[in-house]
Amino acid sequence: MKKAIASLLTAALTSSVLISCDRNEKGAPLRPDTYVLVHGAWQAPYVWDEVRSELEQRGNKVIIVELPGHGNDQTATHMLNLDVYRDKVIQAIPDETDKVILVGHSMAGMVISAVGEKIPSRVIKLVYVGAFLPTNGQALTDLAESDPGSKLGPLLVRSADQLTLDIVRDSLAYLFINDGSTSAKNLVVKNYRAEPSIPFINKVSLTKENFGSIEKVYVKTLQDMVISPVLQDRMLATAGIQLVYSMNTSHSPFLVEPKKLAEILVDLAQEVSILSDHK
């Protein structure tokens, strides 16, 4: 009996030690995941600030990419295309970094797809948050123009030189974050810049060997007026994505429910593909 009790105590102690070795004194994982977060059109790195804070509090590493022509970047508009965006994301991933979880919102769904095609060995998962999810040979405009539920099209204003697209200013909050707080809406308006148009018409080249080898996850935005839930479902069906989460928000879940989005990103890092829709 004494030997049996001693064996049980030893097993329990060993288990405790193994568990504690996976966590630091604050409960954060010793081997954190690295998330690369890419903003969408008419937006900038600021949209990810609260999500980054939540992820870092859980012990993860976070890299936020500022796409050329957005935020504080002053790259000439005529020099921008989808390949330039792709290369900026790749350059933002340090060589010494392990595989990353690459997250793209809206237009950045095109960008992360191109990144996955270029460096599939560096990406654990591609995560699309209310994002365009292309197939080989598609451009963003191919998908956007096939979305009858989107409210964006009639509110676009093209510049005289055709190089940028504006949105009717008093419609910004309505389109992107009608369910957000006043401060969040003001943040969107304050940080607004006209969007470079050339990357919208650039087609992606995707192969089964590269892009097709990476696990993909989608986070649906159920009240989205930019990329409608109908288009989201159609893209999901075409791509055959199996791991799907849903957020009952507008096009800007990172500003409306950043904590919940961060929780989803942490959860999906642990998940394997399953035939279910996470609510």
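The values are calculated or read from the model by the stated rules, or taken from the named source; none is laboratory data. Worth saying up front: this structure is predicted, and the values here are computed from it rather than measured. Please note: Cβ atoms are built from the backbone with ideal geometry, for glycine as well, and neighbour counts cover all protein chains shown.
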- Top-ranked residue in the stretch 158-186 [being in contact with a helix residue (DSSP H, G or I) (Cβ under 7 Å, 6 or more places away or on another chain) and in a loop (DSSP other than H, G, I, E, B); ranked as nearest to I201 (Cα to Cα)]: L163
- Give the stretch 203-222 a look and list any residue that's surrounded by 19 or more Cβ atoms within 10 Å (Cβ to Cβ) and in a loop (DSSP other than H, G, I, E, B), or say none. V204, I214
- How about the stretch 62-80: which of its residues are in a loop (DSSP other than H, G, I, E, B) and either crowded, with 16+ Cβ neighbours inside 10 Å or within 19 Å of the chain's Cα centre (by Cα) (or both)? E66, L67, P68, G69, H70, G71, L80
- Residue match in the stretch 40-55 (condition: at pLDDT 95 or above, over 30 Å from S183 (Cα atoms) and part of a loop (DSSP other than H, G, I, E, B)): no
- the stretch 188-201, residues that are surrounded by fewer than 19 Cβ atoms within 10 Å (Cβ to Cβ) and not aromatic (F, W, Y): V189, K190, N191, R193, A194, I198, I201
- Message: I'd like to check something: does the stretch 101-120 contain any residue that is crowded, with 24+ Cβ neighbours inside 10 Å, outside any helix (DSSP H, G or I), at positive phi and not aromatic (F, W, Y)?
- Response: yes
